[in-house]
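The values are calculated or read from the model by the stated rules, or taken from the named source; none is laboratory data. Just so we're clear, the structure is a prediction, and the values are computed from it rather than from any experiment. Glycine gets a Cβ as well: all are built from the backbone with ideal geometry, and neighbour counts include every protein chain shown. Heads up: the accessible areas ignore ligands, DNA and RNA and are worked out on the full protein's heavy atoms, side chains in. Shrake-Rupley method; radii C 1.70, N 1.55, O 1.52, S 1.80 Å.
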Amino acid sequence: MQLRRASLIFALAAAFSGAALAQTCPGNGTAVSYPLSKKVDQQDNYHGTMVADPYRWLEDANSAETKEWVDAQNKLTQSYLGQIPAREAIKARLTKLWNFERYGVPYKEGGRYFYSRNDGLQNQSVLYTMKTLGDTPRVLLDPNTLSTDGTVALAGAAVSPDGKLLAYSTAASGSDWNEIKVRTIESGKDTEDHIKWVKFSSTAWNHDGSGFYYSRYDEPTEATRLAGVNYFQKLYFHKIGTPQSADVLVYDRPDQKEWGFGAEVTDDGRYLIINGSHGTERKNRVFVKDLGKKDSKVVGLLEQFDAAYDFIANEGPVFYFRTDKNAPKSRIIAIDIRKPAPDQWKELVPEAAETLTSANIINRQLVLNYLTDAHSAVKIFDLKGKPVRTLELPGIGSASGFNGKAKDTETFYAYTSFTTPATIYRYDMKSGKSSVYRQPKVDFDPAAYETRQQFFTSRDGTKVPMFIVAKKGIKLDGSNPTYLYGYGGFNASMTPSFSVANLAWLEMGGVYVMANLRGGGEYGEAWHKAGTKLQKQNVFDDFIGAAEWLVANKVTSPAKLSIGGGSNGGLLVGAAMTQRPDLFAAAIPAVGVMDMLRFQKFTIGWAWTSDYGSSDNPEEFKALVKYSPLHNLKPGSCYPATMVTTADHDDRVVPAHSFKFAAAAQAAQAGANPILIRIDTKAGHGAGKPTAKQIEEVADRWGFLSRALHMDLPAAAAPMAGGSQ
């Protein structure tokens, strides 16, 4: 069937024409008067189909016109939010809830312990060190001193094997671009080492601490720094005390512009492991360099790009991997690099019914973290694959951490659930005993709330789980304000996690729901693939199916149901609200991929084609154009109250996606429900966002929803009950 047929030119023309549909739209107050968003005569030919792109000019974030548009939109949004009576009370409660001491999982290197801590309202967590667990911790690096407004974040930290040096990377204003510096741990002072133009990189020290491996791109121009396409990543070695210009190129592939490289040095210092990636595809290649031989070459170990191979550790030439090769839910294998043929591989732990998400070797034992219906189960095996024990967790939640080396006899992990902040445990690998190391205290009563897991049936008959968190004893009469969250992509698993933002929502009387959609990794690679490329619609069907179950079972109703998600989850929200605008009262797509025909043309967007496909491919174009949020907005439609959110320094999903979608949605909206866009400044895709900015953003989100869902909240004092104050 040719796409030039009217049924599929569809809304390609209709979405941007003035032909409104005759509908009577319910409103939420007085219709909003939007800033002018001019239209230009831009059309592109996709395999014989002409597609209009009238807001193409908004892709130039540096133009005076775009900056004026951003200012006007932000003024409108802030004016609207400023008139919401409950917003200041919500912000006050969020600030109080956020003000609790929280810790990162400790790790040990070079005879010292390292961990992060935030005293509550610090914009960035502080890195501490100590020699023993009983010592008084000492501040090693306080990112809050790196900027006056907290917008410079610690993006990564790697300690040299001798415990003398710290290589740390920082990110400014939420950008993916990092800079690496080196600090002497004893003195706390920085050396003159300074590395720039680093992105998507690990930092791997060599065994003697004389330098480290890192990945970078060529220096961009100022014009291309935030939106230019990133190709030809290279792996370098930096020797301490030398300028970046003297760094040695270790590995690159001029013939493969889309390949990326990450480095890891084995604990014995003998081998450099190079992970070769191709975009966000779960498959990878593995290369090895023998550091024990002078001038040794990088050689291929696993080059077929046929599966995921995650290096765990080695015992001499025997390398341990977690892989989904012939095991969609993953297994553990051992490869002797002297005999690397697949028929020589040894399976240690076979694929299980649960999904194996991570593996470590500590105390010469395998610590394996599984997902059972999207919540954690941790099992210990010996290096021959024999079960040792199962680690008992406090409940249905998520466990993470378990860092360490094969010789270590202890490790640390964090356990969290929807209503339990991350509690840090020390785990004795010999005795199998866990003991609480740090347990935060939050001004919130978790006993007043309950979490249950519910399975529902999606459109094609697939059983899909979701978590429902609410006050105990809520009435199932359809009156509960509900926030449905999802992601559904890139093999990312959505598991129970603690969120101060969600606590406030629960105290406001809201129900929080997280759906485990296809496209994620909850049930292994088959579950992931079922939500990619030509099957991406399954993800939206799952999300809509979750919403329909919530309505049918009177947890909520369309008038009380809101949806949210970020990045790929922003795409999810955009697709859901354009496909089923009748089902939702409000939508908050955050930093979303909204233009599915042009995403690959900016920064690292080309890497997402492994999940999405590409408009350059005729068959994939047909699928993309059917759900692309930007191209499925129809003038005269009744869309939910919508607040699009993005940031000026987002160089992951460039803000043009949100700009164009907001402009088109404002033009298409027939009723009084507002279509707003909130554009954060000195912020990026989300990582490293200062606490103050997070509180402001969440207060705006819940404030917006309180109005859209007609929630009866007081305008002063704490608008919620249920805390332990």
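A compact table of results
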read-out	value
Sequence ranges 545-551, 158-164, 272-278, 411-417, ranked by mean other-Cβ count within 10 angstrom, highest first	411-417, 545-551, 272-278, 158-164
Heavy-atom accessible area ranking, 1.4 Å probe, most first, across Glu109, Glu507	Glu109, Glu507
Euclidean distance between Cα centres, the range 76-112 to the range 374-442, Å	27
Percent antiparallel among DSSP beta bridges (both partners in the range 511-669, rounded to 5)	0
Matching label, P(r) over Cα pairs in 20 Å bins from 0, in percent computed from the structure shown, candidates (i) 14, 34, 29, 15, 5, 3, 1, 0; (ii) 16, 41, 29, 12, 2, 0; (iii) 16, 51, 30, 2	(iii)
Value of relative contact order over the range 330-438, rounded to a whole percent, pairs C-alpha under 8 Å and six or more apart	17
Selection from Thr148, Gly432, Gln600, by position along the positive dipole direction of the chain (Cβ)	Gly432
Computed accessible area, Met711, all protein chains, 1.4 angstrom probe, square angstrom	30
DSSP beta bridges in the chain [antiparallel fraction, %, rounded to 5]	85
Within straight-line cross-link reach of Lys294, lysines at Cα separation under 23 Å, skipping those fewer than 8 residues along the same chain	Lys234, Lys239, Lys339
Positive dipole terminus of the chain, leading residue within Asn502, Gly565, Ala623 (C-beta point charges)	Asn502
Farthest positive-ward along the chain dipole, Cα basis, beta-carbon charges - from Ala586, Phe412, Ile240	Phe412
Per-peptide average of other Cβ atoms within 10 Å, ordering 357-368, 119-130 highest first	357-368, 119-130
Dipole moment magnitude, nearest 20 debye, the chain about Cα centre, only Lys, Arg, Asp, Glu C-beta charged	980
Approximate spin-label separation Ser296-Gln256, in nm, with each point projected 7 Å along Cα-to-Cβ	2.0
Long pairs among Lys131/Lys164; Lys199/Lys297; Lys405/Lys433; Lys181/Lys283; Lys38/Lys75; Lys67/Lys196, criterion Cα-Cα beyond 23 Å	Lys199/Lys297; Lys181/Lys283; Lys67/Lys196
All lysines inside 24 Å of Lys554 as judged from Cα atoms, apart from same-chain residues fewer than 8 positions distant	Lys463, Lys471, Lys472, Lys475
Stretchable slack from Phe232 to Ser245, in nm (0.36 nm times residue separation minus alpha-carbon distance)	2.9 nm
The chain - percent relative contact order, Cα under 8 Å, separation 6 or more	15
Lys339, Lys386, Lys405, reordered so the largest accessible area comes first (probe 1.4 Å)	Lys386, Lys339, Lys405
Magnitude of the charge dipole, the range 179-328, Cβ model with Lys/Arg +1 and Asp/Glu -1, debye to 20	160
Estimated translational D of the range 485-617 in µm²/s (Stokes, Kirkwood radius over Cα pairs; 4 °C; 1.567 mPa s)	84
The chain: calculated mean residue ellipticity at 222 nm from DSSP helix runs of at least 4, using -39500 (n - 2.57)	-5500 deg cm²/dmol
Global geometry of the range 249-333, whether rounded, prolate or oblate, following the gyration tensor of its Cα atoms and the 1.5 cut on a/c	oblate
Long-range lysine pairs (8 or more apart or interchain), the range 562-715, Cα under 27 Å	15
Nearest-20 debye value, the range 91-177 charge dipole, Cβ charges on Lys, Arg, Asp, Glu	280
Accessible area per residue, Å², the range 88-233 with all protein chains present, probe 1.4 Å	42
Solvent exposure of the range 30-82 as accessible area per residue, Å², 1.4 Å probe	55
Rounded Å value of the spacing that divides the Cα centres of the range 122-171 and the range 547-565	43
Centroid-to-centroid separation of the range 283-311 and the range 473-509 [C-alpha atoms, Å]	42
Sequence of Phe261, Phe490 when ordered by accessible area, the most exposed leading, probe 1.4 angstrom	Phe490, Phe261
